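Encoded as structure tokens, the structure appears first; notes follow it.
Coordinate-derived values only; no laboratory data. In this text the structure is predicted, and so the values were computed from the model without any measurement. Cβ: placed from backbone, ideal geometry, glycine included. Neighbour counts: every protein chain shown.
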Amino acid sequence: MIQTADAVVIGGGVVGAAIAYGLARHDTRVTVLDEGDVAIRSSRVNFGLVWLLGKGDGMPAYGFWTRRSADLWPQFANRLKEETGVDTHYVKSGGLSYCLGEAELETRTEAIRRMRTQAERDPYEARMLDRSELVQMMPRVKFGPDVLGASYGPHDGHVSPLNLLHALHIGLKYRGVDYRPASPALEVTPVHGGFEVRTPQTRISTPKLVLAAGHGITPLARPLGFDVEILAERGQILVTERAAPIALLPANGVRQTAEGTFLIGTTNEDVGYDVSTTPPAGAAMARRAIRVVPALAQLRVVRAWAGLRTLTKDECPVYEQSARYPGAFLATCHSGVTLAAVHANDLAEAIHEGSLGDDLAPFHSRRFHGH
Amino acid sequence: MATERIVVYVEGTPVEVSAHDTAASAALRAGLGHTRTSPITGEKRAPYCMMGVCFECLMVIDGAASRQACMVPVRPGMRIERQHGPRELD
């Protein structure tokens, strides 16, 4: 027997779960098909920044979309906590990207200036801070001598990515979504009035389909009329033992979590689907973090891991509806945590209405094909 | 053959232990009860796996915080103390 749903979301990571969570606000029967523990699960290995700094250079629409998500995050985190009881530990703390040495300071100052000229208004409201401003902002932190300044974004923040994923999954249950683990979509076939999705257990018929399976999108996309190349980029992370909070603002390379561990990252490596960690990368990351806050050298590293970012060629998201098979949507990005709020709100709303509209037009993959 | 006995200080109290003990087993011999409190919940914890895996036995040893007491061999005069919550960064 074939089962039915009003919408099927393929992918139960932070992207698929956020979209399904948003879709379920409407009166629709949503099914989420997820893989099991063997999935390449970027949602479980990331750094947990809700981050604007440094994104959208060359694509202002991405900057504004990211800012929109940052604006929605406080309300999103509150709603998740109310509905699920899970605290995502989201804090809109402001975020930093440290400049160690003169060369970095010059490059960063130039990048901030360039962002400002590209966009009529700067969605990040980013600015440069010098060392004395950093010290003033974080009086308890003893910075290393190489810290000359940082770029600062007031809308940036951080969150526990594991709690976020957990909250979304509890939220799916709360909103009546049919979540199915260990149910990969093996094949998707366009049929009259929609699509038929085959899993190892069953077949599901649906008028609406969302591909949000990260690296798992690739084998499903082309038969549905999508032409999107998804690349893997390895990022490594070190985790220290817990320490008492030192009131350090999160930065892209070191942040202290709500529970006291420091996360130290990261790398950008093109090594296919290899998720090994490598001592030289760990050493380089640790050395840099220690140049920022020398006291970190006292802490022991208790865990190290690597994950795979889900990248497109320009590192910006792709959102589109299939021209050949309307009703089939594709959503992919490498900032599923940052964008979770806007995915659950605006993107889910647009998918519900059946049209991605002008705001999302810049994210169509036609930008890669010279149209 | 009798093993050598040495004296260590568990929460300031002298305790005679075997030279083959670890700081964690010395704390257990001393009947210390809990050896740390959780930095998250404040809950009392004590050594569990005794083989360096579970991180339940974190203690302050000779002034150094967050040591895995089960992996630290005792030495004469060692100071073994409870760790209260998370360690501080200097």
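A compact table of results
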quantity	calculated
Zone of A:Asp314's modelled label, taken as backbone nitrogen in the stretch A:325-344 under 15 Å from a point 7 Å along Cα→Cβ	A:332-334
Karplus (6.51, -1.76, 1.60) ³J(HN,Hα), θ = phi - 60°, over the stretch A:295-303, in Hz, Gly and Pro reported as x	5, 4, 4, 6, 8, 8, 7, 10, 8
Förster-model FRET efficiency, 51 Å R0, B:Ser18 and A:Arg44, C-beta, rounded to 0.05	0.70
Helix-derived mean residue ellipticity, 222 nm - over chain B, DSSP H n ≥ 4, -39500 (n - 2.57), to 500	-2000 deg cm²/dmol
Cα-centred dipole magnitude for the stretch A:95-154, charges only on beta-carbon of K, R (+1) and D, E (-1), debye, nearest 20	180 debye
Residue-span extension gain [A:Arg198 to A:Asp359] - 0.36 nm each, minus C-alpha spacing	54.7 nm
Segment A:Phe368-A:Glu133, length gained on full extension (0.36 nm per residue, minus Cα span)	80.5 nm
Percentage relative contact order, chain A, counting C-alpha pairs under 8 Å, at least six apart	25 percent
Tilt relative to chain A, helix A:60-84 - C-alpha long axis, 0 to 90 degrees, to 10	80 degrees
Loop sites in the stretch A:109-212: GluC sites (Glu not before Pro), DSSP, at most 15 other Cβ within 10 Å	A:Glu120, A:Glu125
Along principal axes, Cα extents of the protein assembly as shown, largest first, whole Å	84, 59, 40
Size of electric dipole in chain A: Cβ of Lys, Arg +1 and of Asp, Glu -1, about Cα centre, debye, nearest 20	640 debye
Gain upon complete extension [A:Asp87, A:Ala111; 0.36 nm per residue less C-alpha separation]	5.2 nm
Estimated FRET transfer efficiency (B:Ser38, A:Asp274; beta-carbon r; R0 45 Å; 0.05)	0.80
Within straight-line cross-link reach of B:Lys44, aspartates and glutamates at Cα separation under 16 Å, skipping those fewer than 8 residues along the same chain	B:Glu11, B:Glu56, B:Glu81
Lysine pairs within chain A, Cα separation less than 24 Å, 8 or more sequence positions apart or different chains	6
Choice from A:Trp73, A:Trp305, A:Trp65 with maximal GNM fluctuation in chain A (Cα, 10 Å cutoff)	A:Trp305
Amide hydrogen neighbours beyond the local backbone of A:Tyr179, cut-off 5 Å, H modeled	A:Val32
Residues A:Arg121 and A:Ala295, FRET efficiency given R0 of 51 Å [Cβ-Cβ distance, rounded to 0.05]	0.85
Overall form of the stretch A:101-154 per C-alpha gyration tensor (a/c, 1.5; a/b vs b/c)	oblate
The stretch A:82-135-the stretch B:39-61 distance, computed between alpha-carbon centres (Å)	38 Å
Within a Gaussian network of chain A (alpha carbon springs, distance under 10 Å), most fluctuating of A:Thr332, A:Thr199, A:Thr117	A:Thr117
Estimated [θ] at 222 nm from DSSP helical runs (n ≥ 4, -39500 (n - 2.57)) normalised by residues in chain A, nearest 500	-8500 deg cm²/dmol
